[in-house]
Amino acid sequence: MMAANGRKIWMDGRMVDFADAHVHVLNHSLHYGVGVFEGIRAYETAEGAAIFRLKEHVTRLVTSARFYHMKIPFSPDEIAKAVVDTQAANDIVPSYIRPLVYRGEPALGVKNLVGKVSLAIAAIPAKKYLGEGSESGVRAKISPFRKPHSDATPSFAKAAGNYINSYLAGADAAKDGYEEAILLDQNGFLAEGTGENIFLVRGGKLYTPGLESDILLGITRDSVIRLALDLGFPVIEKALSVNELLSADEAFFTGTYAEIAPIKDVGHYPIGSNVPGPITRKIMAAFATAIRGEDPRYASWLTPVARLVPTAPRARRTRG
Ligand SMILES: Cc1ncc(COP(=O)(O)O)c(C=O)c1O
């Protein structure tokens, strides 16, 4: 679980003290799960904190909101600036930044199209989401809960309500002693983890479920595809069976919070040689280099925070 503390929360343009960032209990999103959000990370680089793939996260937030008829009262540029400002105000690295779009009162009545749409942004300390297994290998189980078909709830929207499905799968896996669940789609093919996409390595090639498997279009997934191709590994997006997972040479999860987490076994089945495999390790190393701003090929993935919005403490240090 994540520690939820920071100094300030950005709420509709105001920087509010962490303890005062309240919403009314008759909040439509609280009752029906109609809210959309993002999970973004800021990393330490040689030039200070930098936000990873900010533009893509803002674009996905706006797209998610559109699915749910929510017009965010800020432009994409304003949202991006607000994320940078929130990161600067909290001055925590590595951080996990959580923009949330929600609809206020009236709460009761599902098809609320009129309640005020708000945006809040928090930045809290980032931890290893999948614990020790984040680096040495995660134990996962195939969940009895399947991903809903996108005909029911569109998986491309990162909507709060989608996470009741992730919660059921994650809680079931945790109660059985696993670090993560792997959800199948309605056709029995692999979809994703509760908060991650999944990749398999077979015969030197990477495989990941395609868009038809009701996945979230992960930004880490996209980054890993680019890194893998640049490392010379072919990447194939297609429907993948449990068979292909259990007989894979390697497997790993990707996600903003989980980053790249090797999967060491699924249920009672060891994956490959039960340790992070060589291709997984190469991709983890390339990712680590990219997020630290050490590979110029991926420089555009990082938005420097200090340069855009100098923080007050830095400014004071310069004068003193
Ligand atoms: C259900 C689900 N799939 C995949 C991902 C990975 O997406 P990203 O890499 O953009 O964080 C997440 C995390 O946001 C998620 O919640």
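Here, each number is a calculation from the coordinates, and none is a lab measurement. Please read these numbers as outputs of a predicted model, since none were measured by experiment. No Cβ is skipped: glycine too gets one built from the backbone with ideal geometry, and neighbour counts run over all protein chains shown.
Per-structure values
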| item | result |
| --- | --- |
| Residue that is closer than 30 Å to residue 288 by Cβ, free of Cβ contacts under 8 Å to residues at least 40 places away in the same chain and not polar (S, T, N, Q), where the choices are 77, 20, 85 | 77 |
| Residue match in the stretch 82-92 (condition: closer than 27 Å to residue 258 by Cα, assigned to a strand (DSSP E or B) and within 19 Å of the chain's Cα centre (by Cα)) | no |
| Total residues in the stretch 93-130, condition among the charged types (D, E, K, R), over 17 Å from the mean Cα position of the chain (by Cα) and either buried (at least 17 other Cβ atoms within 10 Å of the Cβ) or under 14 Å from residue 42 (Cβ atoms) (or both) | 1 |
| Residue match in the stretch 57-76 (condition: away from the ligand (no atom under 16 Å from the Cβ), under 23 Å from residue 302 (Cβ atoms) and buried (at least 23 other Cβ atoms within 10 Å of the Cβ)) | no |
| Only one of 169, 157 that is buried (at least 19 other Cβ atoms within 10 Å of the Cβ), closer than 24 Å to residue 104 by Cα and in contact with a strand residue (DSSP E or B) (Cβ under 7 Å, 6 or more places away or on another chain) | 157 |
| Those residues of the stretch 27-56 which are under 14 Å from residue 305 (Cβ atoms) and outside any loop (DSSP other than H, G, I, E, B), in sequence order | 40, 41, 42, 43, 44, 45, 48, 49, 50, 51, 52, 54 |
| The stretch 193-211 - residue that is touching a residue at least 60 places away in the same chain (Cβ under 8 Å) and buried (at least 17 other Cβ atoms within 10 Å of the Cβ) and, of those, farthest from the ligand (Cβ to nearest atom) | 201 |
| Checking residue 177 against (1) in contact with a strand residue (DSSP E or B) (Cβ under 6 Å, 6 or more places away or on another chain); (2) not in a helix (DSSP H, G or I), the condition it does not meet | (1) |
| Neighbours by Cβ (under 7 Å, 6+ apart or cross-chain): first from the stretch 147-162, part of a strand (DSSP E or B); second among the hydroxyl-bearing types (Ser, Thr, Tyr) and more than 12 Å from the ligand (Cβ to nearest atom) | 159/68 |
| Complete set of residues in the stretch 254-272 that are farther than 16 Å from residue 141 by Cα and of a type in the set (Phe, Trp, Tyr) | 257 |
| Given (1) within 16 Å of the ligand (Cβ to nearest atom); (2) surrounded by 14 or more Cβ atoms within 10 Å (Cβ to Cβ), number of the condition residue 264 does not satisfy | (1) |
| Residues within the stretch 273-286 that are closer than 11 Å to residue 137 by Cβ and in contact (Cβ under 8 Å) with a residue 60 or more places away in the chain, tallied | 5 |
